1. Could you say which residue among GLY226, GLY266, GLY232 is touching a Ser or Thr at 6+ places or on another chain (Cβ under 7 Å) and either closer than 30 Å to ALA365 by Cα or touching a residue at least 60 places away in the same chain (Cβ under 8 Å) (or both)?
2. Consider the range 495-529. How many of its residues are farther than 16 Å from VAL156 by Cα, part of a helix (DSSP H, G or I) and open to solvent by less than 40 Å² (accessible area, probe 1.4 Å)?
3. Can you tell me which residues in the range 138-169 are within 29 Å of ILE74 (Cβ to Cβ), more than 8 Å from the chain's Cα centre (by Cα) and in a loop (DSSP other than H, G, I, E, B)?
4. Restricting to the range 329-366, what's the tally of residues that are over 26 Å from the mean Cα position of the chain (by Cα) and in contact (Cβ under 8 Å) with a residue 12 or more places away in the chain?
5. Taking the options LEU204, LEU139, LEU175, name whichever one is of a type in the set (A, V, I, L, M) and free of Cβ contacts under 8 Å to residues at least 12 places away in the same chain.
6. Kindly list, by first and then second residue, each pair from a residue in the range 460-473 that is within 16 Å of THR534 (Cβ to Cβ) to a residue that is open to solvent by 20 Å² or more (accessible area, probe 1.4 Å), limited to pairs with Cβ atoms under 6 Å and residues at least 6 apart or on different chains.
7. Can you tell which of ALA173, ALA186 is at pLDDT below 95, over 15 Å from the mean Cα position of the chain (by Cα) and outside any loop (DSSP other than H, G, I, E, B)?
8. Among the residues of the range 205-252, which ones are within 19 Å of the chain's Cα centre (by Cα) and of a type in the set (S, T, N, Q)?
Amino acid sequence: METAPVPVDLLHWVLAVLSIVVLLVFLVPLRWRAPEAGPMAMFTAALVALFAFRTPWQTLAVAGGKGVWDAIFILYVIWPALLLYQVTKQAGAYDALRQGISRFSRNELFIVLALSWVFASFLQGIAGFGAPVVVVVPLLIAIGVKPVYAVVMAVVAHAWARFFGTLGVGWLATLQVANLEDVPRAALESAFLVLISNYLGGLLVVWVYGRGAAVRHAWPLVLILGTILGVGQLLVALFSPELSTFLAAAVALLSLYPLSRWRRFGEPVTGIPYRPAMMEQTVSEQREAAPVMSLTMSFVPYVILTVVTLSALLIPPLNALLRQVRIGLPFPEVGTGFSIYNAAVDSYAPITPFTHPGMMLLVTAIIVWFVYRAGGYYRAWAERHTPERIWSALLIDAVPASVPIIAFLVTSRILDHSGQSLTIAYGLAAVSPPLVYAGLANLIGGLGAFMTSSSTASNVLFGGVQSGVADLHGLPRETIIATQAAGSAYGNAIAPANIVLGTSIAGIKGQEGSVLRITMPWTVLVAVLTGVTTVAMILL
């Protein structure tokens, strides 16, 4: 292995990983929230850079500036996505969508799968940031799922959609830190490895519902929906990774209607005597007020988003016009006392704002607001429920999501510019043979998701490190980043913040251990299969 340009002794390696350890300690044992723990990790990385890695203040300032700019690239997706979510929610569209799905079938297991797997994945594709858990857990309880199992289903079944979800925010963040050369290959291999958590997520929902009898009843449905979701995402990722989860989940939602006409899944469940996930008496038969809009109208936001996005991306004259505007910031050359240099750039990570997913979401949110307002849906929903101000709700959701993203991206750039990432990479490469590292690399992505409850944050923190180790071992960088991405998705099933969010929504705070006892074995199985598949991909 080539000589490291940075110190790789035990002391420097421990100091290089200190910011990650600090983040883990604050998030897990001390139970700080990510908006509080993220800045602590950032300051730790800065102090280590100053005093142990001979990093001047100017280099820290440039690293911080680049991190903030990288964050703007991501926040440009987060804020419009959450705005669209609130614009849709406050008009009663989610209630209409939920009731419409529930009327498709009298088969209880079909409805459970439709809500916990398909609908949650759809929400992750368009909104993310906790929205699937917040929306789906109450819906599952409303149809008779026990609260603990409702949290398990909601947390696990949509985990596969975390990486490419929210119009590709995790994917976009990975591109910012991983220095990929063959981007299409990385997208394809990431989508392929995510198939494992996709199929097994749907299978876990069926298993906890009714064990083996439920699996025997529902395996064709799991196979069909899993293929629409996972393989659909893989195919779309070939030409538009940002749209892959959204479009695949939208098709899966539409497929629920013809599948519900299949007698096997349209009639009440039979032959499943033991249903541990379900209450003795469900509340699914209770009468409730009709939704304020039709099922067709509830799909309007996603039809508009698809039309707006595909128009901007696939109409050549319009795409060429929109791409004329590019915005990037200049940064000077900086270095460290260990001769780690970052060259000057005239336009760092330039953004094309009018073809960015954030613009598609923003335009869609504005159009949807006018459509729903003209139809009187906001007024009708407010007459039945305590109305929320869209902008107030947006701030409540977006600010806590934004702070850690900024902190994590700044931390990532400090680790990179000070040489700490190289120290971590060379240290890991020194103690693990190439194929062993390839098999275990997805665990690093899972650890990042466990720490941060975010696929995006996991890839920001570890994408650069994984890329560096891949280079040192002579492994394909795209494959290692793909397995990191897969880990960053399934790791959310055991992320403490995700589980606490679910138990809080379900009204069972304090029962997080009961949830983990189910999600942890599933996570271990997915991790093992992902590692084995990664090694096979490299050998073949």
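1. GLY266
2. So the answer is 0.
3. Passing the criteria: only HIS158.
4. Within the range 329-366, residues that are over 26 Å from the mean Cα position of the chain (by Cα) and in contact (Cβ under 8 Å) with a residue 12 or more places away in the chain number 16.
5. Exactly one residue qualifies, and that residue is LEU175.
6. Listed pairs, sorted by first residue: PHE462/ILE444; SER467/ASN179; SER467/ARG477; VAL469/LEU428; ALA470/ARG477; HIS473/PRO434.
7. Step by step, each of ALA173, ALA186 is checked, and only ALA186 is at pLDDT below 95, over 15 Å from the mean Cα position of the chain (by Cα) and outside any loop (DSSP other than H, G, I, E, B).
8. If the condition is that a residue be within 19 Å of the chain's Cα centre (by Cα) and of a type in the set (S, T, N, Q), then GLN233, SER240, SER244, THR245 are the ones that fit.
The values are calculated or read from the model by the stated rules, or taken from the named source; none is laboratory data. The shown structure was predicted, so the numbers you read here are calculated from the model rather than taken from an experiment. No Cβ is skipped: glycine too gets one built from the backbone with ideal geometry, and neighbour counts run over all protein chains shown. For the accessible areas, the whole protein counts, side chains as well, though only heavy atoms, and no ligand, DNA or RNA atoms are used. Shrake-Rupley method; radii C 1.70, N 1.55, O 1.52, S 1.80 Å.
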